[in-house]
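Enquirer: My questions all concern the structure below.
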Amino acid sequence: MTTSEQQRHRVVVVGGGFGGLNAVRSLAHADVDVTVVDRANHHLFQPLLYQVAAGILPPGLIAPALRSVIKKQRNARALLAEVTDLDLENRVVRAEGPDNHSVELPYDTLVVAGGATHSYFGRNEFARYAPGMKTIEDARYLRDRILVAFETAELCTDPEERAEWLTFVVIGAGPTGVELVGQVAELAHKVLPQDYRSVDTREARILLLEGAGTVLGPFDEKLRRYTHERLEKMGVEIKLNTLATDMDDSSVTVKGPDGADTIRTRTRIWAAGVQASPLAAQLAAHAGLETDRAGRIPVNPDCTLPGHPEVFAVGDMVSLNKLPGVAQPAMQEGKYVGKVIKARLAGDERVEPFEYFDKGSMATIGHRSAVADAFGMKFTGVIGYTMWGFIHVLYLIGWGNRLGTLYTWARALTFSNNRGHRIITFRQAAEPPPDEDCRPAETAARPVDLRQPQAMHFPHSPQHDPGLRRQEGT
């Protein structure tokens with residue numbers, strides 16, 4: 001690198017999700033040096049993450065390596081490191097890479113796209129029993145838990161114990177909760193029945209809990225009603241105006257219109273809320289600002305941090321015009337920030353404030369069933385499902401991933417009615433179960449206790465290692 005190149009305007013982008021990556025790409029032809037730093041080495045397409053948890057898609061199709069994504073952008077580089085400090089006064093980002101390698105990244109312009117993680121509304125102890133889904137590690141962990149539930153039910157001889165393993169509770173009826181519960185229903189009722197001999201997976205009880213009075217609250221009434229009816233036809237029990245108040249290893253206690261109730265279950269999935277990345281609070285502390293209840297930091301209409309025009313923040317971690325925490329605002333904000341940076345370098349300070357263009361909302365319910373609100377029209381069923389599939393494939397990065405996803409969908413959902421990615425990846429602790437009700441009749445090895453979560457070792461599970469949470473721009 002020459003001396004002249006070292007003196008070019010330095011842009012550091014924290015987070016390789018939708019917001020961060022779109023900011024990087026929008027600067028492809030600018031006279032700047034761009035560094036994108038993320039604690040994960042991949043860009044994650046979160047809208048399809050639930051299909052990894054359901055065994056439909058392999059992780060690689062929705063999580064291409066960041067270096068591969070920007071390899072043709074000569075003014076950009078990617079670093080694998082976890083940001084530890086945002087020094088606004090000295091304009092330096094400090095991070096820690098693999099094997100505790102310290103990194104200091106001076107910047108002229110900083111873009112923070114830290115994304116969001118799960119929110120348990122002050123009940124963080126629920127994370128042990130009801131994992132959420134924001135990263136590849138989360139999705140693989142959930143896939144393991146779901147599949148282990150069916151495997152353990154196959155081993156159980158006690159009917160009550162088997163019923164616990166065949167009861168699945170999804171908490172939160174937003175798009176993620178609806179998509180997850182639909183896939184669990186399809187697994188239990190359509191995909192798995194012929195695979196098991198001692199258990200009928202169609203006996204599974206699948207519940208969807210929602211604290212509000214409807215599923216898919218932000219959607220149109222027609223789409224909410226269709227989703228509710230469709231899920232019930234798929235065998236999902238929907239409990240509205242119902243909150244989870246307590247949990248333990250084998251149950252969840254809820255409070256609904258009929259009072260308190262305890263549901264015996266070994267599998268709970270959290271899809272009820274999100275909170276901003278801790279980077280938002282760090283920015284707020286340095287800038288003398290306050291975050292909102294969801295941990296989001298306020299930004300100016302041009303996405304800059306108040307008092308720091310050289311610092312931009314985008315995506316789920318910011319509060320701007322009451323925009324929803326979904327992919328489209330983050331993508332548009334990232335592109336907008338790139339436009340602002342290029343305009344400044346050209347001496348033009350007259351850039352219009354960020355304006356969000358709402359392209360609509362979509363959610364899939366099950367195979368050939370989805371809801372879509374786009375172009376001022378409402379779509380359901382096969383038409384909605386086709387639109388949903390087309391849009392999601394369109395936004396995947398790389399033609400190889402797009403074609404691979406289409407092929408996998410055709411194989412898994414249309415021709416074979418199977419899930420080709422059902423590998424259970426955890427290491428089992430070789431400890432005998434404490435009783436005779438839940439173990440194989442004959443085995444050459446020591447039996448494994450699959451009933452207790454602490455007997456399972458998921459080396460990459462965020463529930464077991466909070467430090468693995470990804471600061472991911474969305």
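Enquirer: From the list A65, A130, A116, A28, exactly one residue is out of contact with any Leu (no Cβ under 6 Å at 6 or more places or on another chain), under 25 Å from T291 (Cα atoms) and of a type outside the set (S, T, N, Q). Which is it?
Expert: The unique qualifying residue is A116.
Enquirer: If you check every pair at least six apart or on different chains, which have Cβ atoms under 6 Å apart with a residue in segment 401-426 that is closer than 22 Å to Y141 by Cβ first and a residue that is at pLDDT 85 or above and among the small types (G, A, S) second?
Expert: R419/G55; H421/G55; R422/G55
Enquirer: Being open to solvent by less than 20 Å² (accessible area, probe 1.4 Å) and either under 17 Å from the mean Cα position of the chain (by Cα) or over 21 Å from L44 (Cα atoms) (or both) is the filter here; which residues of segment 93-110 pass it?
Expert: V93, L105, Y107, T109, L110
Enquirer: Check G384, G325, G400, G347 and return the single one that is open to solvent by 40 Å² or more (accessible area, probe 1.4 Å), farther than 30 Å from E151 by Cβ and not in a loop (DSSP other than H, G, I, E, B).
Expert: Residue meeting the stated conditions: G400.
Enquirer: With the condition kept exactly as written, say whether any residue in segment 103-115 is at pLDDT below 95 and more than 30 Å from R8 (Cβ to Cβ).
Expert: no
Enquirer: Could you count how many residues in segment 10-47 are touching a helix residue (DSSP H, G or I) at 6+ places or on another chain (Cβ under 6 Å) and aromatic (F, W, Y)?
Expert: Residues meeting the conditions: 1.
Enquirer: Can you tell me which residue in segment 111-131 is farthest from A204 (Cα to Cα), limited to those that are crowded, with 23+ Cβ neighbours inside 10 Å and aliphatic (A, V, I, L, M)?
Expert: V111
Enquirer: So, in segment 248-282, of the ones that are open to solvent by 20 Å² or more (accessible area, probe 1.4 Å) and among the β-branched types (V, I, T), which residue ends up nearest to A294 (Cα to Cα)?
Expert: Top of the filtered list is V274.
Enquirer: Among residues belonging to segment 350-381 that are of a type in the set (F, W, Y) and out of contact with any Cys (no Cβ under 7 Å at 6 or more places or on another chain), point out the one that is most open to solvent (accessible area, probe 1.4 Å).
Expert: F375
Enquirer: Right, here's the next one. Taking the options A330, A285, A363, name whichever one is outside any loop (DSSP other than H, G, I, E, B), out of contact with any helix residue (DSSP H, G or I) (no Cβ under 9 Å at 6 or more places or on another chain) and not polar (S, T, N, Q).
Expert: Of A330, A285, A363, the one residue that is outside any loop (DSSP other than H, G, I, E, B), out of contact with any helix residue (DSSP H, G or I) (no Cβ under 9 Å at 6 or more places or on another chain) and not polar (S, T, N, Q) is A285.
The values are calculated or read from the model by the stated rules, or taken from the named source; none is laboratory data. Bear in mind the structure is a predicted one, so any value in this text is a computation, not a measurement. Neighbour counts are summed over all protein chains in view; Cβ atoms, including those assigned to glycine, are modelled from backbone coordinates with ideal geometry. Just the protein is used for accessible areas: all its heavy atoms, side chains included, with ligands, DNA and RNA removed. Shrake-Rupley method; radii C 1.70, N 1.55, O 1.52, S 1.80 Å.
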